[in-house]
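The values are calculated or read from the model by the stated rules, or taken from the named source; none is laboratory data. This structure is a prediction, so every number in the text was calculated from the model and none was measured. A quick note on method: Cβ atoms are made from the backbone with ideal geometry, for glycine too, and the neighbour counts reach across all protein chains shown. Surface accessibility is based on the protein's heavy atoms, side chains included, excluding ligands, DNA and RNA. Shrake-Rupley method; radii C 1.70, N 1.55, O 1.52, S 1.80 Å.
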Amino acid sequence: MRLIDRRRLLQLAAAGATTLWLPRAGWSQPRLTRDPFTLGVASGSPDDTSVVLWTRLLPGDASSLPRGPVTVRWEIADDEGFRQGVQAGQAQALPELAHSVHVEAGGLGPGRWYFYRFMLGDWVSPVGRTRTLPAPDAPVQRLRLGYASCQRWEHGYYAAWRHLRDEQPDLVLFLGDYMYEYPGTPGAVRWPDGLWVTTLDDYRRRHAMYKTDPDLQAMHAACPWLTTWDDHEVQNDYAGVHPGSGGPDVAPLARRAAAYQAYYEHMPLRASVLTRALAGLAAGAELRLYGERRFGRLARLMLLDTRQYKDLQACTSGGRFGSSSLDPAACPAWDDPGRSMLGAAQEQWLDAQLAGAAAGWTVLGQSTLFGRRDVRPGEGQLLWNDGWDGYPMARQRLARSIGRHGAASTVLFGGDVHENWVGHVKADYARAESASVGVEFCGTSISSRSGAAERVPERLAENPHFVFADGHARGYGVADFTPQLLTVRLRGLDDATRRDSGVRTLATFAVQAGQARVERA
Ligand code: FE
Ligand code: CA
C-alpha cells in the first residue's frame with residue numbers, strides 16, 4: 001500500500017475523529033459474518049472534559065471489510081450495562097487509516113469514570129472503562145499511575161498487564177517499545193511471523209498482532225493510557241531522520257512515515273498529533289507526542305519524545321548507524337552543546353512549561369534512563385551513546401531547567417533499558433556533591449529481556465547517584481501520588497515466559513514533596 005498524501009491524511013484523521021450524528025440513510029454498514037472487534041478497545045489522551053476512544057475493525061477475514069468507509073456506532077454510559085447513557089454517535093472507520101476509529105468524545109465531566117463500547121451491525125465490542133482528568137484547579141488528593149515499557153512479543157507473555165490491571169491505576173504511562181520490528185528469534189516464547197517490519201502494511205500487521213493479546217487488550221480496556229515511544233516502533237536505534245541498525249536497507253524517511261502512521265492508527269491519540277510535514281521532508285512527517293496534562297493541582301504530567309527529534313549518536317564505531325558503548329574521552333563530539341535529545345523546539349517548550357506555575361508534582365514521562373550509567377568499573381568510563389549519556393550537554397540543560405523550576409518535586413519515569421534503576425537527578429553526574437534536583441524511576445520491561453542482568457550490581461556500585469537497580473525481573477511500576485508523598489512500588493514477575501506468572505514487590509520507595517530525595521520505604 002502506498003503512503004497516502006500527507007495533507008489528505010490530516011484531513012481524514014480530523015474527519016474521522018469528529019463526533020458525528022449521521023442520518024441512518026448515510027450509514028455504511030456492511031453485513032459481517034465475523035467479529036470486527038478482534039483487537040479490542042482502548043482509550044487515551046484524556047483531559048478534564050474529553051478522551052479519545054479507539055478501536056480498529058479487523059474481522060478474522062479482513063477481506064470482508066469494504067474498500068470504502070464503514071460507519072461504527074459508539075456509546076458512553078455511567079454504568080457497565082449501558083442503561084444510563086451519557087453520549088452516543090457514529091464515527092467513520094476509513095480504509096486509508098486501516099479502518100481505525102478515533103472518537104474524540106467531549107463535553108464530559110471532570111475527574112469521572114465512564115464506560116464505552118462500539119457497535120457495527122449486530123456486533124458489539126468489548127466494554128471499555130475510561131476516565132477524564134480532574135479539573136486543573138481541583139484539590140486532588142490521590143493519583144495512581146502505572147508505568148511500563150518494552151513488550152517484545154517473542155520474549156514473553158503479558159502477565160504484567162494482568163497484574164497491573166488488578167491494581168486499578170487511574171492512568172497507564174507507556175514509555176516506549178510498544179512493538180518491535182524484528183522478524184523473531186530462535187527459541188522465542190512466541191513467534192511473530194519471521195518478517196522484518198519495514199512497510200506500512202508490515203507495521204499495521206505487527207501492531208495488530210500485538211493487539212490480539214488478551215492481557216494487553218484488557219489493560220487498554222481498563223483505563224486511559226498516555227503513550228510515548230522509543231526506537232522499536234520504527235527501527236532499533238533510529239535517531240530523528242537518521243536510520244538505526246538491523247534488517248533490510250530501506251529509505252529511512254519513508255519507513256519512519258509508515259511507522260508513524262501505523263502508530264497513530266493503533267493508539268488512542270488525538271488527530272491533532274498529526275502535524276504538518278517538516279520543511280523539506282516530504283515523507284518525514286511529524287507525529288507530535290510531547291505535551292502536558294494536569295491532574296488537578298496534584299500533578300502535571302509531561303510526556304516527552306526522545307526519538308523523533310534527536311541528533312545522530314556520536315562516534316558510533318565504524319561510522320555505522322546505530323549505537324555503541326564507548327569512552328567519551330575518545331569522542332570529540334560527545335560534549336558538543338549543539339547536540340540534542342529532544343530537539344530545539346521541544347527543549348524550549350519544556351523549559352517554558354517547567355517555568356510555569358509549579359503547584360504539586362512535576363512528572364516527566366520519557367523513554368530512557370536519565371542518569372549516568374558508567375559500565376566500566378573503576379578508572380575510565382564506558383557509556384552508551386544512544387541514551388541520555390550520549391547527549392550530556394542536553395541532559396545538563398534539562399536538569400538545570402528542572403533545578404530552576406521544578407520546586408524539588410520532579411519525578412522522571414523511563415524505560416528502554418529492560419532493568420529497574422532508581423536514583424537522584426543531578427545537573428552534574430561527574431561530581432558526587434552535585435545537588436539532587438529530582439528523582440528518577442527507570443522501569444523494567446513488560447517482557448523484553450535484559451542483556452546483562454548479572455552485571456547490574458557492579459554497575460550500581462559504580463554510579464552512586466542510583467540507590468537501587470535490578471536487571472532480573474520483568475514487570476512494571478505503580479506510583480501513588482498524594483500532595484505530600486509519592487510511593488513507588490516496583491513489581492516483578494516470577495517468569496515473563498508464562499502467561500500465568502505471579503508477581504511480587506521487588507522494592508518500595510518514598511519521595512517527600514519538595515525534597516528531591518528518594519528513600520527505600
Ligand atoms: Fe526495549
Ligand atoms: Ca568507571
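What to note about this one:
- Test: Thr49 is more than 24 Å from Lys211 (Cα to Cα) and at pLDDT 90 or above: yes
- Residue in the stretch 23-33 that is assigned to a strand (DSSP E or B) and either closer than 23 Å to Gln261 by Cβ or touching a residue at least 24 places away in the same chain (Cβ under 8 Å) (or both) present: no
- Qualifying residues in the stretch 208-249 (those that are part of a helix (DSSP H, G or I) and of a type in the set (A, V, I, L, M, F, W, C)) - the one nearest to Gly156 (Cα to Cα): Leu216
- Filter result (of a type outside the set (A, V, I, L, M, F, W, C), closer than 21 Å to Gly89 by Cα and open to solvent by 20 Å² or more (accessible area, probe 1.4 Å)) within the stretch 39-65: Asp47, Asp48, Thr49, Arg56
- Condition check for Ser409: in contact (Cβ under 8 Å) with a residue 24 or more places away in the chain, more than 30 Å from Tyr210 (Cβ to Cβ), small (Gly, Ala, Ser) and in contact with a Leu (Cβ under 9 Å, 6 or more places away or on another chain): yes
- Residue selected from the stretch 357-414 under the condition farther than 17 Å from Tyr309 by Cβ and β-branched (Val, Ile, Thr), by the criterion nearest to ligand 1 (Cβ to nearest atom): Val375
Quick grid of which residues meet (1) surrounded by fewer than 22 Cβ atoms within 10 Å (Cβ to Cβ); (2) touching a residue at least 40 places away in the same chain (Cβ under 8 Å); (3) within 16 Å of ligand 2 (Cβ to nearest atom); (4) under 24 Å from the mean Cα position of the chain (by Cα):
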{"site": "Ala285", "(1), (2), (3), (4)": "no, yes, no, yes"}
{"site": "Arg293", "(1), (2), (3), (4)": "yes, yes, no, yes"}
{"site": "Ala299", "(1), (2), (3), (4)": "no, yes, no, yes"}
{"site": "Tyr309", "(1), (2), (3), (4)": "yes, yes, no, yes"}
{"site": "Trp334", "(1), (2), (3), (4)": "yes, yes, yes, no"}
{"site": "Val363", "(1), (2), (3), (4)": "no, yes, no, yes"}
{"site": "Val375", "(1), (2), (3), (4)": "yes, yes, yes, no"}
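- Count - residues of the stretch 113-157 that are of a type outside the set (A, V, I, L, M), open to solvent by less than 10 Å² (accessible area, probe 1.4 Å) and within 30 Å of Arg449 (Cα to Cα): 7
- Going through (1) closer than 30 Å to Ala299 by Cβ; (2) in a loop (DSSP other than H, G, I, E, B) one by one, Gln87 falls short only on (2).
- Criterion violated by Arg459 - all others in (1) away from ligand 2 (no atom under 16 Å from the Cβ); (2) touching a residue at least 40 places away in the same chain (Cβ under 8 Å); (3) out of contact with any helix residue (DSSP H, G or I) (no Cβ under 7 Å at 6 or more places or on another chain); (4) not hydroxyl-bearing (Ser, Thr, Tyr) satisfied: (1)
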